[in-house]
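Presented below is the structure to which this report refers.
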Amino acid sequence: MTMPQTVDLAVIGAGASGCMAAAAAAESGAGRVLVLEGGDKPAAKIYATGNGRCNLTNLDQSLSHYRCRPEEAGILERVLSAWTNDDMMAWFMDRGVLLHDRDGYVYPRTDQAATVAAMLVRTAEEAGAEIRTRSEVRAVQRLTDRSAGTGPRFLVRTDREEIQAHSVLLACGGIAGPQYGCDGSGYALAASLGHTVREPLPALVPLCCQPVQGMKQAAGTRCMAGIRLLCDGQTAGEEKGEILFTDYGLSGIPVLQLSGLAARALKAGRRVSLEIDLLAGIPEPVWARERERRLDMAGHAGRRTLGDWLLGLIPDRLQAPVLGRYGLVREGRLYKVDPSRLARILDSLRAFTMEVTGTQGPARAQTTAGGVPLAEVSGELASLYVPGLFLTGELLDVDGICGGYNLRWAFAGGRAAGLAAARESRQERGQG
Ligand SMILES: Cc1cc2nc3c(=O)[nH]c(=O)nc-3n(C[C@H](O)[C@H](O)[C@H](O)COP(=O)(O)OP(=O)(O)OC[C@H]3O[C@@H](n4cnc5c(N)ncnc54)[C@H](O)[C@@H]3O)c2cc1C
């Protein structure tokens, strides 16, 4: 029987944090670094990020753009401050990935995510890490009979082989994007090694809403809006920006930003709704005058329809759902509707409510809410339970909003864990 191959560090998952960890570990003398990737191409998800442009970080580094338990925020802060945003951007630029920003959102100058993916893979490989694709890891087992305390600590199993490793770094991502290889199997591996897993839920994901009369025809309509997330009637979050009405509900960046909170609240059995201000950006005094003018118009309506009456306030295709709430249609005659009802219709434009029933699920999600608690890892993302084990990226229970925050977390954490694994490996080999 052939002996399993032995490596110093086995990185599981060649995504954002895994490639970064492998590069950092190999560059700082970790010894033999092997990356096992289930898919047939490394860094597959990175190619899809930022609509193919890869929004890899943001100039605004406020921690308020991340969601994690307040008592665990110290770990997030330690990881991000150990490798600052400037350090990280310099790292990319030193390796030929020039950067530029739009309103603080940082992209490669080429506006091609492929630039970032290719550079990461090349850096890891040039530093000596081996990336083995089509190698989905099925199990990681702790080895108890370490000879003189220095032998390999883990046995890693794929369908094709068994590998012994001194250290293991779990970088399997979460449940977001199963089409890029993230099926949540990393959680099972972490749990099998003794870690807790808080239920992973899709986040940065479009929301499904209860059908609204006339909304099917409005699908595809975009609108600048303010949105307020209500959980059991209490405000849980607010955002502003361009939202997108769809045949299943709502999308657009402001909706995605609130989706993790919505998913958690739905899971907890709370009633979740979105209150949409379709007139966002119109100052109150301006709206007060315009409201008066529209109500006045009703006094001498002539042959005007309700559609004519609403013209210019909201996109035409939203008129049907707005009027449908009052049992009215766009073609209806304005003179037939009494003034108090018209006033209520105008007021509803400031608070158009949609009941949220669910999310579009992992395949449409950009990240995961939930995962392994940050309380179970050190500031270098080493497991506090299992010596030689590291956990990075989306696998951990922290999620960023849109704007480059999730990749920033994955890269900074990957680097921290990769360097720590390398240091351990050098010590084990007596190289300081
Ligand atoms: C469509 C889309 C667009 C996005 N855009 C942005 C953006 O512009 N900016 C931003 O900051 N974030 C963005 N994100 C989020 C960001 O890509 C992720 O948060 C980040 O990639 C997570 O890094 P990770 O290393 O934890 O996991 P991933 O990058 O997801 O990598 C995990 C890897 O592990 C592999 N794997 C999983 N299980 C196993 C196993 N058992 N054995 C072997 N391999 C395994 C997977 O195949 C995958 O390659 C986007 C996400 C999506 C889906």
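The values are calculated or read from the model by the stated rules, or taken from the named source; none is laboratory data. None of these values were measured; they are calculated from a predicted model. As a convention, Cβ positions derive from the backbone with ideal geometry for all residues, glycine included, and neighbour counts pool all protein chains shown.
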Quick check on LEU230: is it over 30 Å from GLY13 (Cβ atoms) and either modelled with pLDDT of 95 or more or more than 16 Å from the ligand (Cβ to nearest atom) (or both)? yes
When every residue in the range 347-381 that is charged (D, E, K, R) and assigned to a loop (DSSP other than H, G, I, E, B) is compared, the one surrounded by the fewest Cβ atoms within 10 Å (Cβ to Cβ) is ARG350
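Only one of ARG138, ARG142, ARG134, ARG160 is among the basic types (Lys, Arg), over 25 Å from CYS402 (Cβ atoms) and buried (at least 16 other Cβ atoms within 10 Å of the Cβ); which?
ARG142
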Note: among LEU395, LEU384, just one is assigned by TED's automatic domain parsing to the domain that holds HIS166, more than 16 Å from the ligand (Cβ to nearest atom) and either buried (at least 24 other Cβ atoms within 10 Å of the Cβ) or free of Cβ contacts under 8 Å to residues at least 24 places away in the same chain (or both), namely LEU384
Scanning the range 311-338 for residues that are part of a helix (DSSP H, G or I) and more than 37 Å from the chain's Cα centre (by Cα), the one surrounded by the most Cβ atoms within 10 Å (Cβ to Cβ) turns out to be LEU334
Output for Cβ contacts, cut-off 6 Å, separation at least six or different chains, first residue aromatic (Phe, Trp, Tyr) in the range 168-182, second part of a helix (DSSP H, G or I) and within 9 Å of the ligand (Cβ to nearest atom), reads TYR180/ALA44; TYR180/LYS45
Among residues of the range 42-52 being more than 6 Å from the ligand (Cβ to nearest atom) and touching a helix residue (DSSP H, G or I) at 6+ places or on another chain (Cβ under 6 Å), the residue nearest to THR84 (Cα to Cα) is ILE46
Answer yes or no as to whether ARG291 is closer than 30 Å to GLY371 by Cβ, at pLDDT 95 or above and not aromatic (Phe, Trp, Tyr).
-> no
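Out of LEU76, LEU98, LEU63, LEU80, I need the residue that is touching a Pro at 6+ places or on another chain (Cβ under 8 Å) and in the same structural domain as THR368 (by TED's automatic domain parsing). Which one?
Unique residue meeting the criteria: LEU98.
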Residue check, ALA176 in a loop (DSSP other than H, G, I, E, B) and closer than 21 Å to GLY414 by Cα:
yes
Residues of the range 347-381 being of a type in the set (Lys, Arg) and more than 12 Å from the ligand (Cβ to nearest atom), in sequence order, are ARG350
Restricted to the range 163-196 and to residues being under 15 Å from ARG32 (Cβ atoms) and touching a helix residue (DSSP H, G or I) at 6+ places or on another chain (Cβ under 7 Å), the residue surrounded by the most Cβ atoms within 10 Å (Cβ to Cβ) is LEU169
Residues in the range 1-36 that are near the ligand (Cβ under 6 Å from one of its atoms), within 28 Å of TYR105 (Cβ to Cβ) and out of contact with any Pro (no Cβ under 9 Å at 6 or more places or on another chain) total 3
Discussion item. Being crowded, with 19+ Cβ neighbours inside 10 Å and modelled with pLDDT of 95 or more is the requirement here; does SER259 meet it?
Written reply: yes
Within the range 30-53, residues under 30 Å from ARG423 (Cβ atoms), of a type in the set (A, V, I, L, M, F, W, C) and within 13 Å of the chain's Cα centre (by Cα) come out as ILE46
Checklist line | Verdict on ALA176 being within 30 Å of LEU256 (Cβ to Cβ) and either more than 10 Å from the ligand (Cβ to nearest atom) or of a type in the set (A, V, I, L, M, F, W, C) (or both) | finding: yes
Quiz item: in a loop (DSSP other than H, G, I, E, B), more than 16 Å from the ligand (Cβ to nearest atom) and closer than 29 Å to GLU376 by Cβ - does that describe any residue in the range 207-224?
Solution: no
Only unsatisfied item for ASP247, checking (1) part of a loop (DSSP other than H, G, I, E, B); (2) in the same structural domain as PHE390 (by TED's automatic domain parsing); (3) under 30 Å from ARG271 (Cβ atoms), is (2)
Every listed condition ((1) within 21 Å of ILE253 (Cβ to Cβ); (2) at pLDDT below 95) holds for PRO339 save (1)
By residue number, the members of the range 410-430 that are free of Cβ contacts under 8 Å to residues at least 24 places away in the same chain and in a helix (DSSP H, G or I) are GLN427
Restricting the range 108-131 to residues that are surrounded by fewer than 16 Cβ atoms within 10 Å (Cβ to Cβ) and of a type in the set (Asp, Glu), the one farthest from the ligand (Cβ to nearest atom) turns out to be GLU126
